[in-house]
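Take a look at the structure below.
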Amino acid sequence: MATGLSTAHCAPSTSGRSTYRCCLPTPSLHRNNFGRSTGRVRHVVATRATQPATGPGSHLSTDEDLLQHPDRLKWYEATFCANDMPDWNTAKFLRSEDAGPGMRNVVLEVEISREKVPLRNAHKAVGQRASVRAFNEPERSLTVASAPHPLSLNRHPLFLVRGDLFAYETKTAREPLSVKAEVHLLVGEREAPELYHAEEDLDVEVGPFTGGGLDLKGSGVMAVYRYPTVVMFVSGRGIATARSLLECSNDVANLSAHLRSDVRVYYLAPNEASHAYTDRYEAWSAAAAANGTCRLQVRPTTHSFARAFDDDDELTYDPATTCALILTGGDPEAEAAAREVCADAEITTILSDTAEASPLVHLDSTPQSFRRWVKN
């Protein structure tokens, strides 16, 4: 009586079709007197047809056709999610608010789902600009006044793009998940008249958010314990960037004002009526002091940065532990005036909105072993 398993044998079928028989050994349930299996073997015959099937939808019905599929290698290649989605998505006009002479704060409801908006087009840094176009109007590049959206809003879409399933789910075809959120834009009447005078029925599309934004990481101003004191020189459209920075959530790159000791915002405008977002000043101060002892003050002025800085008798600073942010919306004269104040105050760590952050360099999503396999 045999005590071991015999090897499998494959032989051509005697039928007219081109098939193969594979004899697979499987042990029986008979046992000897010692309670051990006798290793008796019975043969199970499995057949696989090599001829392609006929009929609709049968072009991928056999293993041979799948192996010869021209795009088969792409099935195993790792790519970023939403890489094949369109760059422009439909947005909804919500409301428009007065932000000063000739300026309005336009609020749009936009798509932010990572299943529909690729990372390269998303609003991910303070200081980026939004690409917006209305119906039959040219594309506009507008200043963003709201903070980048918290990563928590994309928790569910990011979970789904990984292909993970809950215990009660089955893998079935589904539509990409949609997540909507508000975006605030500072719009000038001459800059985009169709949005400045927008109404509720306006058809709007939002495209990629351009630019690298403020270089918060590269400049070192995010080191809260190295620079506990922050002075900000703001004018023109820079107030929109300042609002975006001060209202950031903790899961995106931000100033972390609640961990500082003093934050001053010197806001220069031609007249008092030109100061925008005056209703947000108290909210910024309260948010900074809620979880710490930070004293955040917004000091509007109509004279100059130098006079506003000199008149601030409550600020006590050390130049070595103080950093400056210059947010002038690209105005060279205002930036030069702010840098002159920093030079007189011996503040050497300066971050300007004219110097954008370097583009992100992502690691290659495709392993080198896969590339070698494709090559061979």
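The values are calculated or read from the model by the stated rules, or taken from the named source; none is laboratory data. Just so we're clear, the structure is a prediction, and the values are computed from it rather than from any experiment. Cβ placement follows ideal geometry from the backbone for every residue including glycine, while neighbour counts extend to all protein chains displayed. Ligands, DNA and RNA are stripped out before the accessible areas are found, and what is left, the full protein with its side chains, is counted by its heavy atoms. Shrake-Rupley method; radii C 1.70, N 1.55, O 1.52, S 1.80 Å.
Overview of values
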| read-out | value |
| --- | --- |
| Value of D in µm² per second that Stokes-Einstein yields for the stretch 161-203, Kirkwood Rh from Cα pairs, at 4 °C (1.567 mPa s) | 87 µm²/s |
| Pair-distance profile P(r), taking every C-alpha pair of the stretch 149-252, with 10 angstrom steps and integer % | 9, 28, 28, 22, 11, 2 |
| The stretch 82-98 residues near the modelled H156 label - backbone nitrogen below 18 Å, point 7 Å along Cα→Cβ | none |
| H156, H258, ranked by accessible area, largest first (probe 1.4 Å) | H156, H258 |
| Distance between the stretch 208-244 and the stretch 302-371 - C-alpha centres, whole angstrom | 6 Å |
| Computed label-point distance, nm, for sites Q68 and D311 using a 7 Å Cα→Cβ extension | 8.3 nm |
| Protection proxy ranking, peptides 280-290, 185-195, average beta carbon neighbours within 10 Å, highest first | 185-195, 280-290 |
| Within the stretch 284-348, GluC sites (Glu not before Pro) in DSSP loop having at most 11 other beta-carbon neighbours inside 10 Å | E314, E346 |
| Only Lys, Arg (+1) and Asp, Glu (-1) charged, at Cβ; the stretch 147-288 dipole about Cα centre in debye | 920 debye |
| Per residue, in Å², the accessible surface of the stretch 237-365 once ligands and nucleic acids are set aside, probe 1.4 Å | 50 Å² |
| The stretch 65-109: proportion of alpha-carbon pairs further apart than 13 angstrom, % | 74 percent |
| Separation between Cα centres of the stretch 131-193 and the stretch 77-107, rounded to whole Å | 7 Å |
| Per residue, in Å², the accessible surface of the stretch 125-196 once ligands and nucleic acids are set aside, probe 1.4 Å | 58 Å² |
| Partners for K217 among lysines (Cα-Cα distance below 19 Å; same-chain residues under 8 apart left out) | K124 |
| Over the stretch 237-376, equivalent-ellipsoid semi-axes from the Cα gyration tensor in Å | 37, 19, 16 |
| Computed Rg/Rh of the stretch 90-181, alpha carbon atoms with Kirkwood Rh | 1.06 |
| Rounded percent of accessible protein surface that carbon and sulfur make up, the stretch 74-216, 1.4 Å probe | 50 percent |
